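What follows is a single structure, written as structure tokens, with notes after it.
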Amino acid sequence: TVTAVRQLAARDAEEQERGARALRVLSRCAGNQTAMVAAGAIPLLVALLTSGTAEAKVKAAGALRHLASGSSENQAAIADAGAIPPLVALLTSGTAEAKVKAAGALGNLASGSSENQAAIADAGGFRRSWRY
């Protein structure tokens with residue numbers, strides 16, 4: 001997990017993609033999620049949503065989708081890291097796969113969190129998702 005998080009911070013785009021891909025897979029397990037958060041994965045994944053390659057954006061959105069699933073602590077940390085605006089932007093500017101992952105991440109962020117629901121609405125997420 002720590003190695004994959006370090007890859008996100010690499011300057012090499014392929015290395016970032018490998019890290020994001022690994023974290024997307026690892027994020028499916030709650031035990032891995034705890035280690036990922038502790039290693040600082042969330043802000044690095046959020047950064048990839050705007051600065052990464054198209055593939056890195058897909059994998060980052062997928063990892064954030066899993067991290068936000070069923071964990072109010074992770075939902076808050078992801079929102080606090082600034083993930084909502086770039087996820088909303090992916091709904092219109094991303095690849096087809098990025099749109100699906102971003103929509104899933106936003107859905108999980110909104111689940112049970114009125115604060116995140118309001119932030120998504122403020123970012124235009126609901127309007128953009130209707131045009132999906």
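The values are calculated or read from the model by the stated rules, or taken from the named source; none is laboratory data. What you are looking at is a predicted structure, and each value in this text was computed from that prediction instead of being measured. All Cβ positions, glycine included, derive from the backbone under ideal geometry; neighbour counts span all protein chains shown. When the accessible area is computed, the model is the full protein with side chains, heavy atoms only, and any ligands, DNA or RNA have been set aside. Shrake-Rupley method; radii C 1.70, N 1.55, O 1.52, S 1.80 Å.
Numbers at a glance
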{"quantity": "Residue-count net charge about GLU115 - beta-carbon cut-off 11 Å; Lys, Arg +1, Asp, Glu -1", "calculated": "-2"}
{"quantity": "Derived scalar couplings ³J(HN,Hα) [the stretch 26-37; Karplus, 6.51 cos²θ - 1.76 cosθ + 1.60; whole Hz; x for Gly, Pro]", "calculated": "5, 5, 6, 9, 4, x, 5, 4, 4, 5, 4, 5"}
{"quantity": "Estimated inter-spin distance, SER72 and THR3, nm [label 7 Å along Cα→Cβ]", "calculated": "3.7 nm"}
{"quantity": "Approximate spin-label separation ALA118-GLU15, in nm, with each point projected 7 Å along Cα-to-Cβ", "calculated": "4.1 nm"}
{"quantity": "Backbone HN-Hα couplings from phi across the stretch 16-24 [Karplus 6.51/-1.76/1.60, Hz, Gly and Pro as x]", "calculated": "4, 4, 4, x, 5, 4, 5, 5, 4"}
{"quantity": "Surface share of carbon and sulfur [accessible, 1.4 angstrom probe, percent] for the chain", "calculated": "51 percent"}
{"quantity": "Solvent-accessible heavy-atom area per residue, rounded to whole Å², over the stretch 1-108 at 1.4 Å", "calculated": "43 Å²"}
{"quantity": "Part-to-part distance (alpha-carbon centres) for the stretch 59-95 and the stretch 1-51, which is given in Å", "calculated": "13 Å"}
{"quantity": "Between helix 54-68 and the chain: long-axis angle, C-alpha atoms, 0 to 90°, nearest 10", "calculated": "80 degrees"}
{"quantity": "Relative contact order for the chain, counting Cα pairs under 8 Å that sit 6 or more residues apart, in percent", "calculated": "21 percent"}
{"quantity": "Helix axis angle, 96-110 relative to the chain longest principal axis, alpha carbon, degrees", "calculated": "70 degrees"}
{"quantity": "Two-site label geometry, VAL25 and ASP80: point separation in nm, points 7 Å out along Cα→Cβ", "calculated": "3.1 nm"}
{"quantity": "Value of Rg/Rh across the stretch 63-111 [Cα atoms, Kirkwood radius]", "calculated": "0.95"}
{"quantity": "Ranked packing of 26-33, 58-65, most packed first, by mean Cβ within 10 Å", "calculated": "58-65, 26-33"}
